[in-house]
Amino acid sequence: MTSVTRRTILAGLATAAALPAGAATEWPDRPITLVHGLAPGGPSDIIARLVAESLSRRLNQQVVVDARPGAGGRLAAGQIARTAPDGYTLMTIPSGHAVSAALYKTLPYRSIDDFSMISMLTEFPFILVTSAENEPRTLKEFTAMARARSSPMLFGSAGNGSLQHLAGELLSKLLNVTFQHVPYRGSAQAISDMIARRIDFMVDSPTAEMQVIRARKVRALMVTSKTRFFGLPDVPTATEAGLPDFTFSSWQGMVGPAGLPTSIVDRLNLEVLGVLQEPAVIERIKQIGNNAAPTTPGGFKARIAADIEKWTAVVEAANIERV
C-alpha cells in the first residue's frame with residue numbers, strides 16, 4: 001500500500017467518523033429547512049428561495065424556506081443556534097447579524113461560535129445620495145458644503161442602529177464633519193423627506209434608492225463597493241472619490257448550527273458555489289440589486305468577524321448606546 005493510498009483511506013475514515021450516525025452515505029435523506037429571520041417577499045426571502053430551489057435539484061432533496069421574521073433576524077438566529085447540527089436545519093443571515101453584535105450587549109446566541117459558516121451568498125454596496133436639487137455632484141463638493149454649513153447636515157436612516165445609521169456615523173468620522181441623525185421607521189419616508197430637502201442625505205441600499213435615482217429625484221455621489229456597482233456604472237467608488245476607508249457592503253450568507261460536520265459544510269459550500277454560478281440565478285440576483293458572492297466557510301467567518309470589529313468601532317466612536 002502506497003503512502004498516498006494510506007493517507008487517502010485514513011482521511012476517508014476520519015471524515016466518516018466526524019459524521020452523525022448514518023450520515024456518511026445518507027445525507028441528505030429527507031427534506032432540509034432553510035430558515036431566515038426577515039420578512040417574506042423581501043430581497044432576503046427572494047434570495048433564500050432562489051438558492052433553495054437550485055439546492056433542491058443538486059441535493060435531490062427538497063429544501064424548504066421557512067421565514068421566521070422578528071427582531072431583525074435575532075430571534076430566528078437564536079433558534080438555529082440551539083438546533084441539532086445534523087444538516088437538516090440551515091439558515092440565511094444578513095449583514096445585520098454583525099451589526100447586532102456591535103449594538104447589543106447581550107444576544108440569545110454567540111454571533112460566531114454558535115454557528116457553522118457555509119458561504120456568503122450575495123452582497124451589495126450602499127450609495128451616498130442627496131436630493132437632485134442640491135448642488136453637490138461629487139464627494140468633494142458635498143464635503144465642502146457640509147463644512148460651510150452653520151448647522152449640521154441632517155441624514156436619514158431606516159432607524160436607530162440600522163446599517164444606514166452606522167454608515168452615516170462612519171462617514172461623519174472619516175470626513176471629520178458633524179452630522180445629525182434623523183431616524184425613520186424604514187427608508188420610504190426618509191427618501192421622501194430627502195427629495196423634499198427636509199433632510200440632506202442618506203447612505204442607503206440600491207434596493208431602496210435605484211428607482212428615485214433613475215427618476216432623477218436624487219443624485220448618487222458614490223458607492224461603497226470596492227469596484228463600481230453594475231447598476232450605477234458612472235458613479236465612482238468611495239476609493240475613486242477619495243475616501244477608501246468608506247468601503248463596505250451589505251451581504252447575505254448561509255450558516256448552520258455550530259458543530260455541523262465538516263463533510264456536510266464542504267458539500268453545501270460546493271453546491272452553493274454551483275448555484276451562484278448558474279446564469280439564471282446570477283441574473284435574478286442582479287434584478288434585486290445584488291451580486292452573487294460565494295466564499296469559503298473560512299472566508300465567510302473572517303468576513304463576519306471583520307464586520308463586527310468595524311461596526312463596533314463605529315458604535316463606540318459615535319457614542320451610540322448599546323442596548
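Only the coordinates and a few stated rules stand behind these numbers; no lab work does. As the structure is a computational prediction, the values presented were derived from the model and not from experiment. Backbone-built Cβ (ideal geometry, glycine too); neighbour counts: all protein chains shown.
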Candidate cut points under trypsin sites (Lys or Arg not before Pro) in the stretch 136-168, DSSP loop plus at most 14 other Cβ atoms within 10 Å of their own Cβ, are Arg137, Arg149
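What are the chymotrypsin sites (Phe, Trp or Tyr not before Pro) within the stretch 194-270 that DSSP puts in a loop, where the Cβ has at most 14 other Cβ atoms within 10 Å?
Details: sites: Phe201, Phe229, Phe230, Phe246, Phe248, Trp251; in loops: Phe229, Phe230, Phe248.
Answer by residue number: Phe230.
Divide by every residue of the chain the summed helix terms, -39500 (n - 2.57) for each DSSP H run of at least 4, and state the resulting mean residue ellipticity at 222 nm, rounded to the nearest 500 deg cm²/dmol.
Numbers: 13 runs with 142 residues, N = 323.
Theoretical 222 nm ellipticity from helices: -13500 deg cm²/dmol.
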Once phi for every residue in the stretch 204-218 is put through the Karplus expression 6.51 cos²θ - 1.76 cosθ + 1.60 (θ = phi - 60°), the whole-Hz ³J(HN,Hα) values, with Gly and Pro written as x, are 9, 7, x, 4, 7, 9, 4, 4, 6, 5, 5, 7, 6, 8, 10
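Can you give me the Kirkwood hydrodynamic radius for the stretch 81-193, using every pair of distinct Cα atoms, in Å to one decimal? Show your work: numbers first, answer last.
Details: mean 1/r = 0.0590 Å⁻¹.
Result for the stretch 81-193 stands at 16.9 Å.
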Amide H proximity to Met153 below 5 Å, modelled H, separation 5+ or other chain, gives Gln180
Using alpha carbon centers only, the stretch 209-248 is separated from the stretch 134-168 by a whole-angstrom value of 14 Å
Note on the stretch 22-139: alpha-carbon gyration tensor, axes a ≥ b ≥ c; rule is a/c under 1.5 for rounded, else prolate if a/b larger than b/c, else oblate; result prolate
Partner aspartates and glutamates whose C-alpha sits under 19 Å from that of Lys217, ignoring same-chain residues fewer than 8 away, are Glu133, Glu135, Glu141, Asp193, Asp200, Asp204, Glu209, Asp234
If amide H atoms are modeled at 1.01 Å from N in the peptide plane, then the residues at a separation of 5 or more from Phe115, or on another chain, having amide H under 5 Å from its own are Ala258
In whole Hz, the Karplus estimates of ³J(HN,Hα) for the stretch 82-88 (6.51, -1.76, 1.60; θ = phi - 60°; x where Gly or Pro) are 9, 8, 4, x, 9, x, 9
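With a/c under 1.5 counting as rounded, go ahead and sort the stretch 25-86 into rounded, prolate or oblate using the C-alpha gyration tensor (a ≥ b ≥ c being the square roots of the eigenvalues; past the cut-off, prolate if a/b is larger than b/c, else oblate). Spell out each step's value before the answer.
Details: a/c = 3.55, a/b = 1.36, b/c = 2.61.
The shape class here is oblate.
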Share (percent) of C-alpha pair distances in the stretch 127-246 greater than 24 Å works out to 16 percent
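Going down the table (Lys286/Lys310; Lys173/Lys310; Lys140/Lys226), which pairs top 22 Å between alpha carbons? All intermediate terms of the calculation are to be shown ahead of the outcome.
On the way: Lys286/Lys310 27 Å; Lys173/Lys310 13 Å; Lys140/Lys226 19 Å.
Going by Cα-Cα distance, Lys286/Lys310 fall outside the 22 Å limit.
What's the exposure ranking of Lys173, Lys226, Lys105, going from fewest to most Cβ atoms within 10 Å? Kindly include the intermediate steps, with their values, before the conclusion.
Working: Lys173 16, Lys226 13, Lys105 7.
So the ranking, lowest neighbour count to highest, is Lys105, Lys226, Lys173.
DSSP loop GluC sites (Glu not before Pro) in the stretch 39-138 with at most 12 other Cβ atoms within 10 Å of their Cβ, which ones? Don't skip to the answer; put the middle values down first.
On the way: sites: Glu53, Glu123, Glu133; in loops: Glu133.
In loop regions of the stretch 39-138 (DSSP not H, G, I, E or B), the sparsely surrounded GluC sites (Glu not before Pro) are Glu133.
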Cβ density ranking, 10 Å radius, fewest first, applied to Val272, Val235 yields Val235, Val272
